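One structure is given below, encoded as structure tokens.
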Amino acid sequence: MGTSSSSVVVTLRSYYFNVNNFIYLPVDIFGHFLIIQIFI
């Protein structure tokens with residue numbers, strides 16, 4: 001039982017990490033684009 005619950009936690013963690021990358025990567029690119037536009 002302990003091993004299965006810990007593997008679920010690992011799966012949730014990797015899923016959360018992937019979702020964060022998916023959300024923040026375009027936001028990061030868009031943010032850099034906005035900063036470049038402001039300075040130009």
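For this structure, a couple of remarks:
- Per-region count, the range 23-40, residues surrounded by 10 or more Cβ atoms within 10 Å (Cβ to Cβ) and modelled with pLDDT under 75: 2
- Count of the chain residues which are part of a helix (DSSP H, G or I) and either touching a Gly at 6+ places or on another chain (Cβ under 9 Å) or of a type in the set (A, V, I, L, M) (or both): 13
- The set of residues from the range 1-21 being of a type in the set (A, V, I, L, M, F, W, C) and modelled with pLDDT of 75 or more comprises Val8, Val9, Val10, Leu12, Phe17, Val19.
The values are calculated or read from the model by the stated rules, or taken from the named source; none is laboratory data. All of these numbers come straight from a predicted model, not from anything done at the bench. Counting neighbours? That spans all protein chains shown, and the Cβs are built from the backbone with ideal geometry, glycine included.
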